[in-house]
1. So in region 212-237, with the set limited to residues that are open to solvent by less than 30 Å² (accessible area, probe 1.4 Å) and in contact with a helix residue (DSSP H, G or I) (Cβ under 9 Å, 6 or more places away or on another chain), which one is nearest to LEU265 (Cα to Cα)?
2. From (1) touching a Cys at 6+ places or on another chain (Cβ under 6 Å); (2) of a type in the set (A, V, I, L, M, F, W, C); (3) within 30 Å of LEU37 (Cβ to Cβ), pick out the condition that doesn't hold for PHE161.
3. Consider LEU225 against the criteria (1) part of a loop (DSSP other than H, G, I, E, B); (2) over 29 Å from the mean Cα position of the chain (by Cα): it satisfies all of them except one. Which criterion is unmet?
4. In this structure, does GLU196 turn out to be closer than 26 Å to THR80 by Cβ, assigned to a strand (DSSP E or B) and open to solvent by 40 Å² or more (accessible area, probe 1.4 Å)?
5. Under 8 Å by Cβ, and 6 or more places apart or on different chains, what pairs join a residue from region 238-249 that is more than 19 Å from LEU270 (Cα to Cα) and part of a loop (DSSP other than H, G, I, E, B) with one that is open to solvent by less than 50 Å² (accessible area, probe 1.4 Å) and aliphatic (A, V, I, L, M)?
6. Scan region 264-296 residue by residue and report those that are polar (S, T, N, Q), touching a residue at least 24 places away in the same chain (Cβ under 8 Å) and assigned to a strand (DSSP E or B).
7. Mind listing whichever residues of region 56-97 are buried (at least 20 other Cβ atoms within 10 Å of the Cβ), part of a strand (DSSP E or B) and aliphatic (A, V, I, L, M)?
8. Please go through region 287-320 and pick out each residue that is in contact with a Pro (Cβ under 9 Å, 6 or more places away or on another chain) and more than 18 Å from TYR266 (Cα to Cα).
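The values are calculated or read from the model by the stated rules, or taken from the named source; none is laboratory data. Worth saying up front: this structure is predicted, and the values here are computed from it rather than measured. Ideal geometry is used to build each Cβ from the backbone, glycine not excepted, and the neighbour counts take in all protein chains shown. To get the accessible areas, we keep the full protein, side chains included, count just its heavy atoms, and leave off ligands, DNA and RNA. Shrake-Rupley method; radii C 1.70, N 1.55, O 1.52, S 1.80 Å.
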Amino acid sequence: MGCNSCSTGKDGQPRGCKNNGTCGTDSCNKLTVFDWLSNMSLPSGSQPFDCAEVRFKNSRKEFFRNTENLSLSIGDIVATQAKSGHDIGIVTLTGELVKVQMKRKKVSDSEEEIPKIYRKATQKDIDKWQKCRDKEEEIKKRSREMAILLKLQMKISDVEFQGDGSKATFYYTAEERVDFRQLIKDMAKAFGIRIEMRQIGYRQEAQRLGGIGSCGRELCCSTWLSDFRSVSTSAARYQQLSLNPQKLAGQCGKLKCCLNYELDLYLEALEDFPSLDSKLLTEKGIAFCQKTDIFKGLLWFSYKNDPSNWHVLSKEQVHEILDSNKRKKPVASLEEFAAENIEEEELIFENVVGQDSLTRFDRPKRKNKGRKNKKRRNNRKRPAKNA
């Protein structure tokens, strides 16, 4: 994600648009929607849609009605209606695509309660808005100190000022219900503004703050993911991942949303796979499943009396053995079936390059024989000492 002015600069270094996420093209912001209808003209006689999507701090977006018929384009800073006073935001979407977004977010375009866009923001509005934005970090720090003094079990994660500076919304996370009435009184007295407390979940906190995930990319929730589906540990079990909380948890402390991305593919592949609890009856004893490889279609079994010795079988072979066991006919041994797979592996996997050794860089250094030979020659030339 990046606008035209965020391209690479001199010596391969990122140039950056220097607008801190408020560039006019709206291409390097969170949850940006590409307007694929921007180059298409409306049919003759039809009026453009009178609503626009406006983005505020971080990923908060709302829909507003353009009652004044203003000529709006993506990136315009506008003054919008609020419960009291006005707010300042950036237009992120106009035209017919706004109707699609409203339908997707279940907002009716026929409602009269949709707030209005007052005007395009003046320079005075923008200066006041930027001044309020600059104070947010300091106020967030002071509010956290007040919450600690009152011994409240909560974390204030973000502060968002209204565009006219008359109100501030404090976003916080907490495990249990918190009585913050005294905190609101202290903050209103210290900051001289109206206070609104809004509790959010840990996933919403990560969405607002953003960051870099363990994959090296920006967090999905802060760039394109708009709905949070529940993630359970069964998704990790189906994908045969180790149940390590440090690896499976994201920056929000919950299970990573990406565990659900490939879950459907794994479930589809496991439909014709034998159960992990399958027991194979052989003349040498009962065999249990130890490991599976979904992509290659292989399973590893070991005898009950010899759990350290594993035998690899294909899923077709396992089904064949299970069918034989249903007829109460145990097979001779697993080695007969495993021998076929070993021969196939020898034909498929060949070391044609000769560079797959992990210790090929650990060869001992060659000793310099030239120095030793030089020392021997010098010792021969020296005259023997008289006794």
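1. At the first step, the residues of region 212-237 found to be open to solvent by less than 30 Å² (accessible area, probe 1.4 Å) are 213, 219, 221-223, 225, 231, 235-236.
Remaining after also requiring in contact with a helix residue (DSSP H, G or I) (Cβ under 9 Å, 6 or more places away or on another chain): 213, 219, 221-222, 225, 231, 235-236.
Working: GLY213: 23, LEU219: 23, CYS221: 22, SER222: 25, LEU225: 20, VAL231: 16, ALA235: 11, ALA236: 13 Å.
Of everything passing the filter in region 212-237, ALA235 is nearest to LEU265 (Cα to Cα).
2. Every listed condition holds for PHE161 apart from (3).
3. Only one criterion is unmet by LEU225, namely (2).
4. Values: closer than 26 Å to THR80 by Cβ: yes; assigned to a strand (DSSP E or B): yes; open to solvent by 40 Å² or more (accessible area, probe 1.4 Å): yes.
Yes.
5. LEU243/ALA236
6. Of everything in region 264-296, those that are polar (S, T, N, Q), touching a residue at least 24 places away in the same chain (Cβ under 8 Å) and assigned to a strand (DSSP E or B) turn out to be THR282, THR292.
7. If the condition is that a residue be buried (at least 20 other Cβ atoms within 10 Å of the Cβ), part of a strand (DSSP E or B) and aliphatic (A, V, I, L, M), then VAL78, ALA79, ILE88, ILE90, VAL91, LEU93 are the ones that fit.
8. Across region 287-320, the qualifying residues are PHE288, CYS289, GLN290, VAL318, HIS319.
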